1. Calculate the all-directions average of the projected area of the range 1-60's alpha-carbon convex hull, and give it in nm².
2. Can you give the local net charge around THR52? Use residues other than it whose beta-carbon is closer than 12 angstrom to its beta-carbon, Lys and Arg +1, Asp and Glu -1.
3. Is there a pair in LYS64/LYS107; LYS43/LYS64; LYS86/LYS107 whose C-alpha atoms are over 26 Å apart, and which pairs would that be?
4. Return the FRET efficiency for the residue pair SER121, GLN44: r is the Cβ-Cβ distance, R0 is 30 Å, and the value is rounded to the nearest 0.05.
5. Counting only trypsin sites (Lys or Arg not before Pro) that sit in a DSSP loop (anything but H, G, I, E, B) with at most 16 other Cβ atoms within 10 Å, what is the longest stretch of the chain containing none of them?
6. From the residues GLY35, VAL100, TYR59, which one has its Cα farthest along the dipole of the range 5-102 in the positive direction, the dipole being from +1 and -1 charges on Cβ of Lys/Arg and Asp/Glu about the Cα centre?
7. Counting only the backbone N, which residues of the range 1-42 are under 19 Å from the spot 7 Å out from the Cα of LYS84 toward its beta-carbon?
8. For the chain, give the percent of accessible area contributed by carbon and sulfur heavy atoms, probe 1.4 Å, rounded to a whole number.
Amino acid sequence: QVQLVESGGGLVQPGGSLRLSCAASGSISSITTMGWYRQAPGKQRELVATITYGGTTSYADSVKGRFTISRDNSRNTVVLQMNKLKPEDTAVYYCNSEKVLTRGLWKYDIWGQGTQVTVSS
């Protein structure tokens, strides 16, 4: 069974930085696009950033220039480096894998349990 486990959330002051990590576990041969999403209270889940297996990245306009997504295909991990954090970045952040090849089968749309990020003075 494939699982995604996030870590690195917490409380930070405006202007500060946090680094979120996500590790995929299980019998994994390959993972296509990985990404980070977030959901603030009372709002829908939204895309933050994605990265393809080849390293092509995409960002929401609200985080461009502040957040950086990266991945290590050999370790099945993805990292979100968040700088210049703002109160409006406060949300639960979720890791996602678009497709995972495990034991010869593709598994789709796998989510982590989420990690809380709070930006407040």
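The values are calculated or read from the model by the stated rules, or taken from the named source; none is laboratory data. This structure is a prediction, so every number in the text was calculated from the model and none was measured. So basically every Cβ, Gly included, is an ideal-geometry build from the backbone, and we count neighbours across all protein chains shown. These area figures cover heavy atoms from the full protein model, side chains too; ligands, DNA and RNA do not enter into them. Shrake-Rupley method; radii C 1.70, N 1.55, O 1.52, S 1.80 Å.
1. Values: hull surface 22.5 nm².
Directional mean of the projected Cα hull area for the range 1-60 stands at 5.6 nm².
2. Details: positive: ARG71, LYS99; negative: GLU98.
Charge balance near THR52 sits at +1.
3. Values: LYS64/LYS107 30 Å; LYS43/LYS64 20 Å; LYS86/LYS107 35 Å.
Correct reply: LYS64/LYS107; LYS86/LYS107.
4. Details: r = 27 Å, r/R0 = 0.89.
The value I calculate is 0.70.
5. Details: sites that count: LYS43, ARG45, LYS64, ARG66, ARG75, LYS84, ARG103.
With trypsin sites (Lys or Arg not before Pro) excluded where exposed in loops, the chain gives 1-42 as its longest stretch.
6. TYR59
7. Counting backbone N atoms under 19 Å from the label point, the list is 12-20.
8. On the way: 3000 of 6460 Å².
Percent of accessible area from carbon and sulfur atoms in the chain: 46.
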